1. Looking only at residues that are out of contact with any helix residue (DSSP H, G or I) (no Cβ under 8 Å at 6 or more places or on another chain) and outside any helix (DSSP H, G or I) in region 379-414, which one is farthest from residue 315 (Cα to Cα)?
2. When you look at residue 568, is it buried (at least 24 other Cβ atoms within 10 Å of the Cβ), assigned by TED's automatic domain parsing to the domain that holds residue 365 and either at pLDDT 95 or above or more than 29 Å from residue 525 (Cβ to Cβ) (or both), yes or no?
3. Could you look through region 43-63, keep only residues that are at pLDDT 65 or above and either in contact with a helix residue (DSSP H, G or I) (Cβ under 7 Å, 6 or more places away or on another chain) or farther than 28 Å from residue 222 by Cβ (or both), and pick out the one that is surrounded by the most Cβ atoms within 10 Å (Cβ to Cβ)?
4. Return yes when residue 108 is out of contact with any helix residue (DSSP H, G or I) (no Cβ under 8 Å at 6 or more places or on another chain), surrounded by 13 or more Cβ atoms within 10 Å (Cβ to Cβ) and outside any helix (DSSP H, G or I) and no when it is not.
5. Considering 490, 476, which residue is in contact with a helix residue (DSSP H, G or I) (Cβ under 7 Å, 6 or more places away or on another chain) and closer than 28 Å to residue 67 by Cβ?
6. Does residue 425 meet the test of being crowded, with 21+ Cβ neighbours inside 10 Å, in contact (Cβ under 8 Å) with a residue 40 or more places away in the chain and assigned by TED's automatic domain parsing to the domain that holds residue 347?
7. Let me confirm something: among 625, 581, which residue is outside any loop (DSSP other than H, G, I, E, B), surrounded by fewer than 24 Cβ atoms within 10 Å (Cβ to Cβ) and modelled with pLDDT of 90 or more?
């Protein structure tokens, strides 16, 4: 069909509009490209020229500041300090690092043995991995290296943060320590973060530092730098700071921890203080201790050997790793098992002639002449062994073991500490599985007084005491908050133990401390508002033969230290409204009443008072000795940390 004049005009108009639109798009595209080219050629010319030179822009990781560890009051117990150091990258040194090392040795003291160590390390590490040549430099040494940088290719003086423990040994076993990342550490990590490859980056090894490593580590930052053809850093192009690790606040009190450490002195011992209501560990202290700062920098062979060879084992955390026969502190377990089974009640009595005969064997009471007729409360008050020998035969080991587990023994408690022991609450099944042997009645008699196969840690004994005092299933807690976020306090359920049974055990522990014939009366608290209940314990580490009994048992002070009995004591106060429970174990200390009880009493008093106990808290004849002991101590009050960032 023939187009009209109007159709032709409309068609031409549409073609013109399309042409204009296409032309506009082309002009916009060309203009954008032109502006981009101008920006690249003029505004960013130097940057792209540098990139064109090849591998001249480097990305360097910035190690994050490690999170602080604080006590319950916010006092720093693990912090960071400035550290001037110098590193060397083999690639940037041209491959041959020995001449650089020897020039550096003219500025910083570096013995030949150290140079040999470094050369060995460079041969094992990647050419692009920086290696620390020297750290903890003085400002003068650091400045001298910076001034001479042009003659030291590959050398980088830098300022970094290093872990520091201001209270040295007080919290060494709790916090653990950090150290340089080793090949062994990297082998345990499937896909290690690049920050772990930084020179002498510090990684948590044990304790809270190790168990909460990912929380404390933080996130690395980065900076882009321009380097010349020799690898020398010319300028910084950009910098992004890392994110500091979270601050971890413990439940422990630094002042109480310090007091407990000094109160135990040079003894090989452990003390645990637990809140009877919340389960918070106010103190968990092992003695003797060590200086974790030495491990941060890499401990010397001589120092490490001295720690390993020490007969008091300062590296071992006796509070959670050490397990001991609990001795007579276990008698509450046997007593409660008998009460709950209905085998005895508070008035049930047994006669103690000083021994129990089982077949041809005699099981002796600690009092050679015996205690006469004894009821449940008196059995604890005077710690009569025969009462428990008789009770064990009637109640059986399985019920005793079940009660032990209810009270927190034979259980690995979940704490961010290293090698937390499970202990042993033995029963028939356990012995069959462990030794392939049947349980014997004699095993039950030994177990009933905390000997034989029974083993417990000081932590477990403190938990046991807190559960008896509170009547609730209290679990130990060590972390109060993470980066300001308070950890929830569990609502502990009641123990599956009748209140009437618990009252009998508590009455016995009260009598231990406050009755005329109580085994720990000399260590009682004199103030009625802080009235204390407790139980002594002495666990044998050697067998006493019949011949030795006949001629007289050798006293502990006449034996070599390592053959003496362990001294134990558990307690809580106040009796009417229990606040804290304490356990103390003194390795080879002798008697629990003479050695462990006074230490536990003083630590408990410090906790109750929030500081040094007042003189009227102890019997009048002991006040002068306590004051003299306190005057000899070097107690401290650290400065609180400055307010800091929180991700809460």
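The values are calculated or read from the model by the stated rules, or taken from the named source; none is laboratory data. Source: prediction; values computed, not measured. Cβ coordinates were reconstructed from backbone atoms using ideal geometry, including for glycine residues, and neighbour counts include every protein chain displayed.
1. Looking at residues that are out of contact with any helix residue (DSSP H, G or I) (no Cβ under 8 Å at 6 or more places or on another chain) and outside any helix (DSSP H, G or I), I get 382.
2. Values: buried (at least 24 other Cβ atoms within 10 Å of the Cβ): yes; assigned by TED's automatic domain parsing to the domain that holds residue 365: yes; either at pLDDT 95 or above or more than 29 Å from residue 525 (Cβ to Cβ) (or both): yes.
So residue 568 passes the test.
3. Here the residue is 63.
4. Working: out of contact with any helix residue (DSSP H, G or I) (no Cβ under 8 Å at 6 or more places or on another chain): no; surrounded by 13 or more Cβ atoms within 10 Å (Cβ to Cβ): yes; outside any helix (DSSP H, G or I): yes.
When the stated conditions are applied, residue 108 does not pass them.
5. 476
6. On the way: crowded, with 21+ Cβ neighbours inside 10 Å: yes; in contact (Cβ under 8 Å) with a residue 40 or more places away in the chain: no; assigned by TED's automatic domain parsing to the domain that holds residue 347: yes.
For residue 425, the condition - crowded, with 21+ Cβ neighbours inside 10 Å, in contact (Cβ under 8 Å) with a residue 40 or more places away in the chain and assigned by TED's automatic domain parsing to the domain that holds residue 347 - is not met.
7. Numbers: 581 fails: surrounded by fewer than 24 Cβ atoms within 10 Å (Cβ to Cβ).
Unique residue meeting the criteria: 625.
Okay, residues lined up against (1) touching a helix residue (DSSP H, G or I) at 6+ places or on another chain (Cβ under 7 Å); (2) modelled with pLDDT of 95 or more; (3) within 27 Å of residue 448 (Cα to Cα):
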{"position": "259", "(1), (2), (3)": "yes, yes, no"}
{"position": "263", "(1), (2), (3)": "yes, yes, no"}
{"position": "286", "(1), (2), (3)": "yes, yes, no"}
{"position": "289", "(1), (2), (3)": "yes, yes, no"}
{"position": "325", "(1), (2), (3)": "no, yes, yes"}
{"position": "340", "(1), (2), (3)": "yes, yes, yes"}
{"position": "344", "(1), (2), (3)": "yes, yes, yes"}
